1. Working carefully through the options Ser63, Ser72, find the one that is more than 11 Å from the chain's Cα centre (by Cα) and surrounded by 16 or more Cβ atoms within 10 Å (Cβ to Cβ).
2. What residue, among those in segment 75-102 that are modelled with pLDDT under 85 and closer than 21 Å to Phe154 by Cβ, is surrounded by the most Cβ atoms within 10 Å (Cβ to Cβ)?
3. What are the pairs, 6+ residues apart or on separate chains, where a residue within segment 76-91 that is in contact (Cβ under 8 Å) with a residue 24 or more places away in the chain has its Cβ under 7 Å from a residue that is of a type in the set (Gly, Ala, Ser)?
Amino acid sequence: MQWWNDFVTWLSATRNQPVIFSAVVLIVAIIVASVLAAWIARGAIARLLAQHDRELKAAAIGSIVDAATEASVWNSLTPQEQVMNDRAVGMADIQIRLLPIKGSSIAADWAAHQLAELKRTSATFGYQLEPALVEFRDRLIDWQKKPSRARKIFQGDLDRWKTQNTSTEKNLLAEQDAWVAQQHHDQFATPAAPAQAPTGQPLGYVPAAAPPSASPSTETQRLLDDVQALEVRPAPLPKA
């Protein structure tokens, strides 16, 4: 206990008070500086993560809205463009489901149903799709801003559609979609190739007609005329 008594005596000595005060101030300053640095770094990292999340959300919503724009003119797209649009829709659906937002899977299901409706109504002439696209975009943006409230609305729409669509209606819609797809396939089907020309001849070649051969009766008549001309030729006069 002697060393503890010596430390207490040194600590309580008047001549050592400035040293002790400086040490305490230094330790407190280091602790405060460490806490401030950690708080600033945490805020900066949180801002970076929030900005990254916003970029992900904007990219996913932009992709699904762009896919909806092409789905609104689905019936006028070529088969190759339809395949590209289906791939874009699949990628956007995955991005929506992986977003760090509450109810992202419900929002993806709602968007998939709306995209199917846009494809189906694209075959109806005179149907105004601009309001539907605007509503689709606004609903997704509202879900990104207020996920809890929008999730309840999406779930209510999904439940309502599930009760409305009976098995008969689903079969009719499936037959309608199949008919529209067949019409679209026939529209963009490759026309039949023209008939090929014979081997070695150019396309459109028509063989020339053989010259008419002389009739045997015509040749005989010409010989008789020559003989008759020789018979009527006058004889030469005798020389004086």
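The values are calculated or read from the model by the stated rules, or taken from the named source; none is laboratory data. Computed from a predicted model, the values in this text were never measured in an experiment. All Cβ positions, even for glycine, are placed from backbone atoms using ideal geometry, and neighbour counts span all protein chains on display.
1. Ser72
2. Ile101
3. That search, which allows pairs on different chains as well, returns Ala88/Ser63; Ala88/Ala67; Val89/Ala67; Met91/Ser63.
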